[in-house]
Amino acid sequence: PPSTLRVAQLERRWREADAAFEAGDLETALQVYTGIAQGVLRWLDQDRFETVRRRQRDCAIALAHQRDSLGEYPTAVSLYCDVMAEHAGSMGWEQLVELRERRDRAVLAELRASGGEDACRSLADSLGRCNEVQRPVSVDAVTWANWKKRDKVFGAPLLEARVEHIRDCVMSEGRSVPTILVSVAKYEAIVKAADKLPVPEGKTHAAVVRDLTVEALQWAAAACTTAAAHRDSRPSPDSKHGAASGSLREIYQRGLRLVAASEALTGEQHVRRLDGVRRRLALEKGLAEGQQGGEGEGR
């Protein structure tokens, strides 16, 4: 059995963690709770172990909320996913549904705020950890399978596609049209796969997922605009992505279909509504000019 001194040390650390939590020093509290949880089994007291684990979980959730409110979205998403990975088994249905919604809302907020390459890569890595979590008893097998499938075919792939798209934008001067349009094809495939999945639980979470879809459609339309701007006068039939290539008119029409799909998901007051209108007008103008110039010859 553990020595009296060891028990006293752990109890002192427990009090330190509680004090830090009450004082709002969540990082310190989480660090201490985690240290206790790793050694508390030496007490051979399962009740105390479960108590420490619950406090560790609650502290991690509180810290995630704090980082979320401060606009530190990649950190918040990482913490939300850590809670899923470490504590899903001790959480009820409502807690898990709320956690997933908060996670996805933070992902959306980061993509709207800046969503740079490093941030998107961090978000994708965090969501990838959720796919390794075992089903908790509070969630039925069908629902859990749907959750994991959404993360696998929509969440992480969307962020990975965004990383590649951003890299293509940075290097667009040296990119061929088929290469740029690969991003469009990836976004289209991701959205199509997600459309086959059940709607998330709750209207607010469904709205978040819808808005993530809007972002994907807008990015795809933007990639079409980039491709049109860099299109050579001759297509590249020898490209591996020859099917993704096409005439300037086809590229503009593809972009307009994507904008239309995006606009179908947004209301008049939607935050992305004006962006979609601007992109549609630019694509329509490009299409009109291309037609007047004989499908863009001489461009």
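The values are calculated or read from the model by the stated rules, or taken from the named source; none is laboratory data. Predicted model only: the values in this text are computed from it and were never measured. As a convention, Cβ positions derive from the backbone with ideal geometry for all residues, glycine included, and neighbour counts pool all protein chains shown. The protein model used for the area step is the full one, side chains on, heavy atoms only, and it has no ligands, DNA or RNA in it. Shrake-Rupley method; radii C 1.70, N 1.55, O 1.52, S 1.80 Å.
Odds and ends about this structure:
- The single condition among (1) out of contact with any Lys or Arg (no Cβ under 7 Å at 6 or more places or on another chain); (2) assigned to a helix (DSSP H, G or I) that Arg135 does not satisfy is (2).
- Complete set of residues in the stretch 252-276 that are at pLDDT 85 or above, under 27 Å from the mean Cα position of the chain (by Cα) and not acidic (Asp, Glu): Arg254, Gly255, Leu256, Arg257, Leu258, Val259, Ala260, Ala261, Ser262, Ala264, Leu265, Thr266
- Matching option when the condition is at pLDDT 65 or above, farther than 22 Å from Ala113 by Cα and open to solvent by 30 Å² or more (accessible area, probe 1.4 Å), among Arg249, Arg234: Arg249
- Answer residue from the stretch 110-124, given it is assigned to a helix (DSSP H, G or I) and open to solvent by less than 30 Å² (accessible area, probe 1.4 Å) and is nearest to Ser78 (Cα to Cα) among those: Leu123
- Selection status of Val107, touching a residue at least 60 places away in the same chain (Cβ under 8 Å), buried (at least 20 other Cβ atoms within 10 Å of the Cβ) and not aromatic (Phe, Trp, Tyr): yes
- First in the stretch 195-215 and within 18 Å of Leu159 (Cα to Cα) and charged (D, E, K, R), second anywhere and modelled with pLDDT of 90 or more and open to solvent by less than 30 Å² (accessible area, probe 1.4 Å), Cβ under 6 Å, 6 or more apart: Asp211/Leu108; Glu215/Leu111
- Test result for Ala76, within 25 Å of Glu215 (Cα to Cα), touching a helix residue (DSSP H, G or I) at 6+ places or on another chain (Cβ under 6 Å) and small (Gly, Ala, Ser): yes
- Within the stretch 125-136, the residues that satisfy the criterion of being surrounded by fewer than 20 Cβ atoms within 10 Å (Cβ to Cβ) and within 11 Å of the chain's Cα centre (by Cα) are Asp125, Gly128.
- Segments classed as helices (runs of 4 or more DSSP H), wholly inside the stretch 1-81, with at least 3 members that are surrounded by fewer than 15 Cβ atoms within 10 Å (Cβ to Cβ), at pLDDT 90 or above and small (Gly, Ala, Ser): none
- Residue match in the stretch 194-202 (condition: open to solvent by less than 30 Å² (accessible area, probe 1.4 Å), at pLDDT 90 or above and over 28 Å from Leu99 (Cβ atoms)): no
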